[in-house]
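The values are calculated or read from the model by the stated rules, or taken from the named source; none is laboratory data. All of these numbers come straight from a predicted model, not from anything done at the bench. Please note: Cβ atoms are built from the backbone with ideal geometry, for glycine as well, and neighbour counts cover all protein chains shown. We work out accessible area using only protein heavy atoms, side chains counted, and drop any ligands, DNA or RNA first. Shrake-Rupley method; radii C 1.70, N 1.55, O 1.52, S 1.80 Å.
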Amino acid sequence: MSRTGARILVDQLVVHGAETAFCIPGESYIAVLDALRDAPIRLVVARHEAGAANMADAYGKLTGRPGICLVTRAPGATHAAVGLHAAYQDSTPLILLVGQVPRAHRGREAFQELDYSRLFGEMAKWVVEVEDAAAFPEVAARAFHVSTSGRPGPVVVALPEDVLSEEADVA
């Protein structure tokens, strides 16, 4: 069955037991928001990215499962860094899903482009940018595993806009 990367990502969140996600809606990952509409995941909209990340951090602390946080690229990501750092310091499982410029625009100073590996490298257990829609099942499985294994902590998954709309045929 062919689905968009956004739909595959949301389906994988459900497969891995995500029940609640915290966000500031943003255009850079609007395809994920559309896919969440029909998913059994409660979406809590915060008023600021730091608040959404702190809510995901609190969820991780209370449940022992990764708190899921979605923010838009660059300014949204930098605001979420506050909650991500707290999760890292407190060994809290958290998965930050952050919008990213399309792959063809990377490295060209595109609008709100940011290198998430450089930004979050010191405060996350793993930072990854999804390269194609078919990779979402593997990336999601690894994100949940890394976030909860050993010393728990945050994981950052960058979502290029074009990968979210790309179609793939995966189980």
Checklist entry - Would the range 75-90 turn up any residue that is under 24 Å from residue 167 (Cβ atoms) and in contact with a Pro (Cβ under 8 Å, 6 or more places away or on another chain)? => result no
Checklist entry - Within the range 135-171, can you find the residues that are in contact (Cβ under 8 Å) with a residue 40 or more places away in the chain and small (Gly, Ala, Ser)? => result 140, 141, 143, 147, 153, 158, 165, 168
Checklist entry - Going through the range 109-159 one residue at a time, which ones are aromatic (Phe, Trp, Tyr) and within 22 Å of residue 14 (Cβ to Cβ)? => result 126, 136, 144
Checklist entry - List, please: which pairs have Cβ atoms under 6 Å, are six or more places apart or on different chains, and start with a residue in the range 89-101 that is over 15 Å from residue 136 (Cα atoms) and in contact (Cβ under 8 Å) with a residue 60 or more places away in the chain and end with one that is open to solvent by 10 Å² or more (accessible area, probe 1.4 Å) and β-branched (Val, Ile, Thr)? => result 93/148
Item to check | helices (runs of 4 or more DSSP H) completely within the range 78-171 that count 2 or more residues being open to solvent by 80 Å² or more (accessible area, probe 1.4 Å) and at pLDDT 95 or above | outcome: 136-148
Next on the checklist: Can you tell me how many residues within the range 17-69 are at pLDDT below 95, part of a helix (DSSP H, G or I) and either among the acidic types (Asp, Glu) or surrounded by fewer than 23 Cβ atoms within 10 Å (Cβ to Cβ) (or both)?
Outcome noted: 1
